[in-house]
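Have a look at the structure below, then the notes.
The values are calculated or read from the model by the stated rules, or taken from the named source; none is laboratory data. Please read all numbers here as calculations on a predicted model, not as lab measurements. Glycine also receives a Cβ, built like all others from the backbone with ideal geometry; neighbour counts cover every protein chain displayed. Heads up: the accessible areas ignore ligands, DNA and RNA and are worked out on the full protein's heavy atoms, side chains in. Shrake-Rupley method; radii C 1.70, N 1.55, O 1.52, S 1.80 Å.
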Amino acid sequence: MGATTLITVAPTGAESAKADVPALPVTLDELVRTAKECEAAGAAVVHVHIRDDDARPTLDPARLRDTVQALREGTGLIVQLSTGGAVTDPYEDRLRVLDAEPDMCSLTCGTVNFGAEVFMNPWPFMAELYERTQAMEVVPEFELFDLGQVAALHRLLDRHGPPYGGHVHCDLVMGVPGGMPGDARTLVAAVEALPEGATWSATGVGRTTLPVMLAALSAGGHLRVGMEDTITYAKGRPVTANVELVERAASAAHLAQRPPMPPAEARALLAVKRR
Ligand code: KMH
Ligand code: ZN
């Protein structure tokens, strides 16, 4: 078990509407301001989804590039772009995300029911995205929504070799309706199935946020928090800013005597390329 806790913040996502969740950062200014606050509170990685001028999810290449640049200029955070996008995004647009030259990108290891929708990640898409991360020297974070996706991760590594940088880092995304439940016994089962030497974080969507956070800390894992996954801080009390969630995660990490990992340590752990 490491001495520190890597905290990733996922501030926006593609699912909530700004009209419903006014605290959601959707402009570049809001995103950079949020990222700075979250870095000060203990985050080391920012997982990024962007919005267009109407606050709708977009994978516009120029906007993605500007976002990466602005986050690099304004923060010391590791910039991880989502290649998941929204469930409606075409594969080609999702593959093109890497052209924005992020430090990291998400790579989901299989298709999963996603509420009433389907988040599509068929094998040929996964494999192509993985090969592109290797060629473009972008560190993938393997997103695992279900136990079967852990098996798919093994298959990917067996067939295509190690990721850029050589280190495998995963994120268990738990509690999505259609994916694995967000509870301690499922977390332990997933962690036991991970590749040897892999590091992992976990995030629990919605009301599974706290059980997953506490289980992850007790099992030696890292944390992902943010308004992509959680918009309710406590029963009847909406999240007012992403930094509240990072502060809560940082407090829990301190309590577990594994304080937040500084970005420089996270860069070394994840073997991200110096850009
Ligand atoms: N918005 C979800 C459909 C990722 O960022 O890679 C997919 C998602 C995963 O959020
Ligand atoms: Zn995401």
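Overview of results
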read-out: Cβ-based net charge around Ala216, under 11 Å, with every Lys or Arg adding one and every Asp or Glu removing one; value: +1
read-out: All aspartates and glutamates inside 14 Å of Lys36 as judged from Cα atoms, apart from same-chain residues fewer than 8 positions distant; value: Glu73, Glu244, Glu247
read-out: Relative packing of 130-136, 94-100, which averages over residues the other C-beta atoms within 10 Å, highest first; value: 94-100, 130-136
read-out: Net charge of neighbours whose Cβ lies under 10 Å from the Cβ of Thr58, counting Lys and Arg as +1 and Asp and Glu as -1; value: -3
read-out: Heavy-atom surface of the chain, accessible at 1.4 Å and reported per residue (Å²); value: 41 Å²
read-out: Amide H contacts of Ala202 (H built 1.01 Å from N, under 5 Å, at least 5 apart or other chain); value: Leu172, His222, Leu223, Arg224
read-out: Pairwise centroid distance, computed over Cα atoms, of region 197-234 with region 52-110, Å; value: 22 Å
read-out: Antiparallel content of DSSP bridges confined to region 7-270, in %, to 5; value: 20 percent
read-out: Apportionment of accessible area to carbon and sulfur, the chain, percent (1.4 Å); value: 53 percent
read-out: Most to least packed among 151-159, 64-72 [average Cβ atoms within 10 Å]; value: 64-72, 151-159
read-out: Sorted peptide list for 235-247, 45-57, criterion being average Cβ within 10 angstrom, highest first; value: 45-57, 235-247
read-out: Normalised contact order of region 68-120, rounded percent, pairs of Cα under 8 Å and 6 or more residues apart; value: 36 percent
read-out: Fraction of alpha-carbon pairs over 33 Å apart in the chain - percent; value: 10 percent
